[in-house]
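The values are calculated or read from the model by the stated rules, or taken from the named source; none is laboratory data. Just so it is clear, the model here is predicted, and its values are computed rather than measured. As a convention, Cβ positions derive from the backbone with ideal geometry for all residues, glycine included, and neighbour counts pool all protein chains shown. Each accessible area value is taken on the protein alone, full model and side chains, heavy atoms only, with ligands, DNA and RNA left out. Shrake-Rupley method; radii C 1.70, N 1.55, O 1.52, S 1.80 Å.
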Amino acid sequence: PPPPPATPPYWYSFERGGVHTFVLSTEHDWTAGSPQMAWLEADLAAVDRSRTPWLIGSGHRPAYTSYDTARGVGTQTVSQYLRPALEPALRKHRVDVMLYGHIHAYERSCPLAEYVCVGAEDPESETVRLANGTVHLTVGAGGHALTKQSTFKQQYWSAAHALQFGVGRLTALNATHARWRWYGVDQDSGTPTEADARWIVRDAVGRNRAPY
C-alpha cells in the first residue's frame with residue numbers, strides 16, 4: 001500500500017542540552033516571505049545563545065553540494081535557489097552547522113558565509129574555526145544505492161567528500177567545541193571506520209574552556 005500522507009508540522013525545532021536544532025522542509029515553499037521562512041526567523045530569534053549556544057539546522061535537499069542529479073529538477077538547480085533563500089537567516093543568527101541528505105554520499109564544506117570560505121581549518125589538529133560561518137554537511141549515504149561518481153564536480157568550498165556508505169556523529173562538548181565524526185562502513189563486513197573528523201570551534205558568548 002502507499003505510505004500515509006505527510007502531516008504537519010513540516011518544519012519544527014527542539015532543544016537538547018546546549019543545542020537548538022531546527023528542521024526545515026525543502027519540499028515546501030522556502031522562498032522569502034513564505035510561512036516556513038517566517039517561522040524560521042521567529043524560531044531563531046527566540047534562541048538564547050548564552051543558554052543554548054549551538055544552532056544546528058537540517059533539511060533534505062542540500063544548499064551546497066558538489067554532486068548533481070538528472071532526475072526531475074537537477075540538484076544543482078535547487079541548490080542555486082536554496083542558498084540565497086537560507087543565507088540571510090544563517091548569517092543573521094550565526095547558524096553553526098547544516099545537515100542534509102538527498103545525495104547518497106558524504107561531503108563537508110569549509111565554514112561558509114555569503115558563499116565565501118571564512119574561518120580556518122588546521123588538518124594537523126583536526127580543527128575548524130567557524131568565525132561565524134556555517135559548516136554544511138551532506139550525510140546521505142545511510143543505505144540506498146550510492147550517487148554516481150560521474151555526477152561529482154568538486155566545488156571550491158568542498159573540504160572533504162567520500163562516495164561510500166556511512167554515518168556521521170556530532171557531539172557538542174561545551175559552548176565552543178563540538179566533535180564531528182564521519183564513519184565509512186565497509187560493504188562486506190559492515191565495519192565502520194572513522195574517515196573524517198574535526199573539532200568544530202565557535203566563538204564563545206562568555207569564557208569557556210576547551211575540552212582538551
Somewhere in segment 198-212, is a residue at pLDDT below 85, open to solvent by 50 Å² or more (accessible area, probe 1.4 Å) and among the aromatic types (Phe, Trp, Tyr)? yes
Evaluate segment 184-193: report whether one residue or more is charged (D, E, K, R), open to solvent by 50 Å² or more (accessible area, probe 1.4 Å) and in contact (Cβ under 8 Å) with a residue 12 or more places away in the chain. no
Please specify each residue of segment 4-26 satisfying the condition of being open to solvent by 80 Å² or more (accessible area, probe 1.4 Å) and either over 18 Å from the mean Cα position of the chain (by Cα) or more than 20 Å from ILE56 (Cβ to Cβ) (or both). PRO4, PRO5, THR7, PRO8, PRO9
What do you reckon, is SER158 on the phi < 0 side of the Ramachandran plot and open to solvent by less than 60 Å² (accessible area, probe 1.4 Å)? yes
First in segment 118-130 and farther than 18 Å from LEU55 by Cα, second anywhere and open to solvent by 60 Å² or more (accessible area, probe 1.4 Å) and not aliphatic (A, V, I, L, M), Cβ under 8 Å, 6 or more apart: ALA120/ARG129; GLU121/ARG129; THR127/GLU121
Can you work out which of the residues in segment 117-131 that are farther than 22 Å from GLY184 by Cβ and touching a strand residue (DSSP E or B) at 6+ places or on another chain (Cβ under 6 Å) is surrounded by the most Cβ atoms within 10 Å (Cβ to Cβ)? GLY119
Which of the following residues is open to solvent by 60 Å² or more (accessible area, probe 1.4 Å), within 19 Å of THR26 (Cβ to Cβ) and either touching a helix residue (DSSP H, G or I) at 6+ places or on another chain (Cβ under 7 Å) or outside any strand (DSSP E or B) (or both): GLN76, GLN80? GLN80
Odd one out for HIS102 among (1) more than 22 Å from THR151 (Cβ to Cβ); (2) touching a Lys or Arg at 6+ places or on another chain (Cβ under 7 Å); (3) crowded, with 17+ Cβ neighbours inside 10 Å: (1)
What residue, of ARG61, ARG51, is free of Cβ contacts under 8 Å to residues at least 40 places away in the same chain, open to solvent by 10 Å² or more (accessible area, probe 1.4 Å) and not aromatic (Phe, Trp, Tyr)? ARG51
Select from segment 39-48 the residues that are closer than 10 Å to HIS20 by Cα and part of a loop (DSSP other than H, G, I, E, B) and write down the one among them that is most open to solvent (accessible area, probe 1.4 Å). ASP48
Taking segment 132-154 and keeping residues in a loop (DSSP other than H, G, I, E, B) and surrounded by 15 or more Cβ atoms within 10 Å (Cβ to Cβ) leaves ASN132, GLY133, GLY140, ALA141, LEU146, THR147
Looking at this structure, is ASP96 within 18 Å of ALA197 (Cα to Cα), of a type outside the set (Gly, Ala, Ser) and surrounded by fewer than 15 Cβ atoms within 10 Å (Cβ to Cβ)? no
GLN36: outside any loop (DSSP other than H, G, I, E, B) and surrounded by fewer than 13 Cβ atoms within 10 Å (Cβ to Cβ), yes or no? no
